[in-house]
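Below: one structure, written as structure tokens.
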Amino acid sequence: SRGLGDVYKRQERTLAYLRKLDVSTYSAGDRAYFSLLFTQATDKNMLSLLPCDSLIDTALDYYVKKDGVNWAKAWLYKGRIQKKMNMTEQALKSCFTALQGVEGNTGEELKLKGMLYEDMGSIYLHQSLYQKAFDAFYRSYQCDSLLNDHKVLMYSLSNMGWVRVVEGKEKEALFYLDQALELALALKDSIFMSDIYPVSYTHLRAHETLRH
């Protein structure tokens with residue numbers, strides 16, 4: 001869609017702009033904030049975060065727990081980098097650490113908490129710890145519900161649904177996937193619908209119909 005194309009272009013422009021900046025004269029605080037912005041822009045452009053490892057270390061050297069969201073954000077990205085490096089236990093530890101910086105319920109804190117629980121859920125899922133994965137995705141769903149952001153809500157619903165798919169719990173899986181699909185239809189999100197409505201979903205629906 002055109003709207004989505006505009007978003008991608010904006011994200012590309014942001015990263016291109018940040019790449020041109022000379023941060024050598026920046027204060028330690030400004031350098032730490034730049035490190036966060038650059039890593040976030042890299043992530044939003046779906047590029048590898050591995051080259052951002054030293055940048056995130058710069059942010060972690062500067063921010064302390066009382067910095068709240070920025071401190072938590074730095075740990076979120078550190079966790080994502082560790083996950084890419086197959087350092088799963090360290091990645092989980094980073095997520096737990098980050099959660100300590102977002103104990104309130106402001107919009108920004110809820111959004112960050114939702115992202116952290118989603119990251120934890122995907123790690124648990126990869127480890128075949130299905131109930132832990134489901135619980136983490138459910139916590140992500142709770143944060144998204146409080147934000148009342150239907151776009152992120154459909155992702156947390158589908159995450160819960162896919163855990164149940166892997167476990168072979170078709171009926172419960174459809175309970176979540178159907179809700180996610182309803183939101184996608186209401187939002188006219190064709191990209192999400194092509195993600196959530198693959199052959200496996202159709203088979204799941206057919207299998208459930210045959211059983212009842």
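The values are calculated or read from the model by the stated rules, or taken from the named source; none is laboratory data. Predicted model only: the values in this text are computed from it and were never measured. Neighbour counts run over all protein chains shown; Cβ positions are idealised from the backbone, glycine included. Quick note on the areas: whole protein, heavy atoms, side chains included, nothing else; ligands and nucleic acids left out. Shrake-Rupley method; radii C 1.70, N 1.55, O 1.52, S 1.80 Å.
Which of the residues that make up the stretch 68-78 are open to solvent by less than 60 Å² (accessible area, probe 1.4 Å) and assigned to a helix (DSSP H, G or I)?
Result: 69, 70, 71, 72, 73, 74, 76, 77, 78.
Can you pull out the residues in the stretch 145-167 that are open to solvent by 60 Å² or more (accessible area, probe 1.4 Å), assigned to a helix (DSSP H, G or I) and within 15 Å of residue 111 (Cα to Cα)?
The answer is 146, 150, 151, 155.
I need a count of the residues in the stretch 99-111 that are buried (at least 22 other Cβ atoms within 10 Å of the Cβ) and either assigned to a helix (DSSP H, G or I) or among the aromatic types (Phe, Trp, Tyr) (or both). Full working, then the answer.
Here is the first cut: in the stretch 99-111, the residues buried (at least 22 other Cβ atoms within 10 Å of the Cβ) are 101-102.
The next check asks that each one be either assigned to a helix (DSSP H, G or I) or among the aromatic types (Phe, Trp, Tyr) (or both); those that pass are none.
Residues meeting the conditions: 0.
Can you tell me which residue is nearest to residue 179 (Cα to Cα) among those in the stretch 129-141 that are part of a helix (DSSP H, G or I) and open to solvent by less than 80 Å² (accessible area, probe 1.4 Å)? It would help to see each step written out before you state the result.
Filtering the stretch 129-141 down to residues part of a helix (DSSP H, G or I) leaves 130-141.
Subset that is open to solvent by less than 80 Å² (accessible area, probe 1.4 Å): 130, 133-137, 140-141.
Details: 130: 20, 133: 19, 134: 16, 135: 18, 136: 18, 137: 15, 140: 16, 141: 12 Å.
Going through the qualifying residues, I end up with 141.
Provide a single number: the residues in the stretch 101-127 that are over 14 Å from the mean Cα position of the chain (by Cα) and under 15 Å from residue 153 (Cα atoms).
1
Output yes when any residue across the stretch 79-98 is assigned to a loop (DSSP other than H, G, I, E, B) and buried (at least 16 other Cβ atoms within 10 Å of the Cβ), and no when none is. Let's see the steps before the verdict.
Filtering the stretch 79-98 for residues assigned to a loop (DSSP other than H, G, I, E, B) gives 85-87.
With buried (at least 16 other Cβ atoms within 10 Å of the Cβ) added as a condition, the list becomes none.
No.
Look through the stretch 22-67, keep the residues that are crowded, with 17+ Cβ neighbours inside 10 Å and among the polar types (S, T, N, Q), and return whichever of them is farthest from residue 11 (Cα to Cα).
58
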